[in-house]
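The values are calculated or read from the model by the stated rules, or taken from the named source; none is laboratory data. Source: prediction; values computed, not measured. We place every Cβ from the backbone using ideal geometry, glycine too, and count neighbours over all the protein chains shown.
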Amino acid sequence: MNLLTVTKAFQTEDAALDYLVSQRWPNGVHCLACDCAKVYRIDTKGKTGRPYRKYECSDCALHFSATTGTLFHDSHLSLQKWFMAMALMAEAKKGISANQVARHIGVQYKTAWHLCHRIRKAMEELNKSPLGGQGQIVEVDESFIGGKKLHKGVKAGKDAKISVLGMVERGGRVHMQTVENCKAAALRPVLKANISPNVKTVLTDSAAAYGHILPKDKHVEANHRLELEMFGETSMKTIEGAFSLFKRGVIGSYHHLSKDHLDSYLQEFCWRYNRRGIQPRMFSTLLQELVTKKPLTYRKLTREVF
């Protein structure tokens with residue numbers, strides 16, 4: 001669903017609630033505590049006057065709603081605005097800033113920022129399989145985000161750069177995350193956790209650290225200076241293209257990202273990239289993640305920074 005489809009499909013809050021309930025409980029509403037199928041529906045209105053639907057379990061008398069225990073939990077925003085923000089973030093190839101979301105759905109920046117981070121939390125890949133199966137090629141490279149320090153010299157800018165390690169299957173999935181530095185000790189656990197031992201070839205640049213980590217019979221070095229002339233197994237164009245796409249988002253949409261939340265933005269980018277072949281189903285896939293992941297409060301989100 002894109003933004004136009006969402007606004008047409010969910011013209012009322014009741015329609016959005018019906019869809020949320022059907023996605024969370026495809027086989028009918030069940031109690032969150034005892035899984036009892038016999039529940040009573042109670043229609044009322046919330047503090048803001050919007051329709052509010054809650055359920056009471058006939059067995060344990062628990063009161064709950066469709067948003068209880070999900071990333072929607074304790075949100076005063078209407079589901080219509082939630083769905084619009086989800087559609088915008090799922091469709092934005094290079095990302096969309098909280099300021100832009102705030103203008104689109106008519107909320108304050110602080111509200112939009114918290115909303116966007118909750119949606120990014122839903123995009124977090126859990127229990128993902130390693131990249132590169134039998135006969136596949138994986139490209140690995142590092143990049144750097146930020147680093148500009150006005151009037152503080154070149155060394156201050158270099159020290160402020162955030163190291164990001166990226167790896168991508170040819171024609172497949174991508175994984176990016178921040179790392180402390182680009183030395184072998186920092187890269188080894190990340191590569192071990194995210195690259196399958198059955199991979200055919202791991203292609204990297206000529207950084208010495210990779211020679212100490214990767215098996216010699218699978219490791220192939222490429223030359224960045226000759227990159228435009230290289231093709232086939234010696235090309236690094238896939239991972240370079242992924243990094244370039246993310247950096248276009250940083251420059252054009254976000255402008256500045258702090259190290260505290262950079263991994264969240266990287267996860268958002270990887271989630272969209274890895275589902276580029278199922279774009280019509282990205283909204284419903286994202287909604288499934290929102291109703292299965294735990295709540296993310298504003299205090300918990302900002303405690304990482306302050």
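Within region 125-139, is even one residue over 19 Å from Asn274 (Cβ atoms), among the charged types (D, E, K, R) and surrounded by fewer than 21 Cβ atoms within 10 Å (Cβ to Cβ)?
Pass one, region 125-139, residues over 19 Å from Asn274 (Cβ atoms): 134-135.
From what's left, among the charged types (D, E, K, R): none.
Checked region 125-139: no residue is over 19 Å from Asn274 (Cβ atoms), among the charged types (D, E, K, R) and surrounded by fewer than 21 Cβ atoms within 10 Å (Cβ to Cβ).
Of all the residues that make up region 259-287, how many are over 18 Å from Thr178 (Cβ atoms), in contact with a helix residue (DSSP H, G or I) (Cβ under 6 Å, 6 or more places away or on another chain) and not aromatic (Phe, Trp, Tyr)? Steps first, please.
Of all residues in region 259-287, those over 18 Å from Thr178 (Cβ atoms) come to 272, 274-287.
Of the ones still in play, those that are also in contact with a helix residue (DSSP H, G or I) (Cβ under 6 Å, 6 or more places away or on another chain) are 275, 282-283, 286-287.
From what is left, the residues that are not aromatic (Phe, Trp, Tyr) are 275, 282, 286-287.
So the answer is 4.
Restricting region 59-79 to residues that are touching a helix residue (DSSP H, G or I) at 6+ places or on another chain (Cβ under 6 Å) and aliphatic (A, V, I, L, M), which is surrounded by the most Cβ atoms within 10 Å (Cβ to Cβ)? First the steps, then the outcome.
In the first step, residues of region 59-79 are kept if they are touching a helix residue (DSSP H, G or I) at 6+ places or on another chain (Cβ under 6 Å); the result is 66, 70-71, 78-79.
When the remaining residues are screened for being aliphatic (A, V, I, L, M), the result is 66, 71, 79.
Details: Ala66: 22, Leu71: 22, Leu79: 24.
Across region 59-79, the extreme among qualifying residues is Leu79.
Can you confirm whether region 144-154 contains a residue that is in the same structural domain as Gly211 (by TED's automatic domain parsing) and surrounded by 18 or more Cβ atoms within 10 Å (Cβ to Cβ)?
Within region 144-154, one or more residues are in the same structural domain as Gly211 (by TED's automatic domain parsing) and surrounded by 18 or more Cβ atoms within 10 Å (Cβ to Cβ).
Condition check: outside the structural domain of Ser244 (by TED's automatic domain parsing), of a type in the set (Val, Ile, Thr) and modelled with pLDDT of 95 or more. Does Val164 satisfy that? Please lay out each step first, then the result.
Details: outside the structural domain of Ser244 (by TED's automatic domain parsing): no; of a type in the set (Val, Ile, Thr): yes; modelled with pLDDT of 95 or more: yes.
No.
Considering only helices (runs of 4 or more DSSP H) fully contained in region 186-282, which possess at least 3 residues that are modelled with pLDDT of 90 or more and closer than 30 Å to Lys300 by Cα? Before the answer, list the steps.
Working: elements: 208-213, 237-249, 262-274.
Counting at least 3 such residues, we get 237-249, 262-274.
Which of the residues belonging to region 129-145 are under 20 Å from Phe243 (Cβ atoms) and assigned to a strand (DSSP E or B)?
Leu131, Ile137, Val138, Glu139, Val140, Asp141, Glu142, Ser143, Phe144, Ile145
Residues Lys110, Lys148, Lys158: which one is more than 22 Å from the chain's Cα centre (by Cα) and either free of Cβ contacts under 8 Å to residues at least 12 places away in the same chain or outside any loop (DSSP other than H, G, I, E, B) (or both)?
Working: Lys110 fails: more than 22 Å from the chain's Cα centre (by Cα); Lys148 fails: either free of Cβ contacts under 8 Å to residues at least 12 places away in the same chain or outside any loop (DSSP other than H, G, I, E, B) (or both).
Sole residue among the options that is more than 22 Å from the chain's Cα centre (by Cα) and either free of Cβ contacts under 8 Å to residues at least 12 places away in the same chain or outside any loop (DSSP other than H, G, I, E, B) (or both): Lys158.
Out of Ile119, Ile145, Ile137, which single residue is under 18 Å from Gly252 (Cβ atoms) and among the β-branched types (Val, Ile, Thr)?
Working: Ile119 fails: under 18 Å from Gly252 (Cβ atoms); Ile137 fails: under 18 Å from Gly252 (Cβ atoms).
After applying the criteria, what remains is Ile145.
Can you tell me which residue in region 16-36 is farthest from the chain's Cα centre (by Cα), limited to those that are surrounded by fewer than 14 Cβ atoms within 10 Å (Cβ to Cβ) and hydrophobic (A, V, I, L, M, F, W, C)?
Restricting to residues being surrounded by fewer than 14 Cβ atoms within 10 Å (Cβ to Cβ) and hydrophobic (A, V, I, L, M, F, W, C), the top hit is Cys34.
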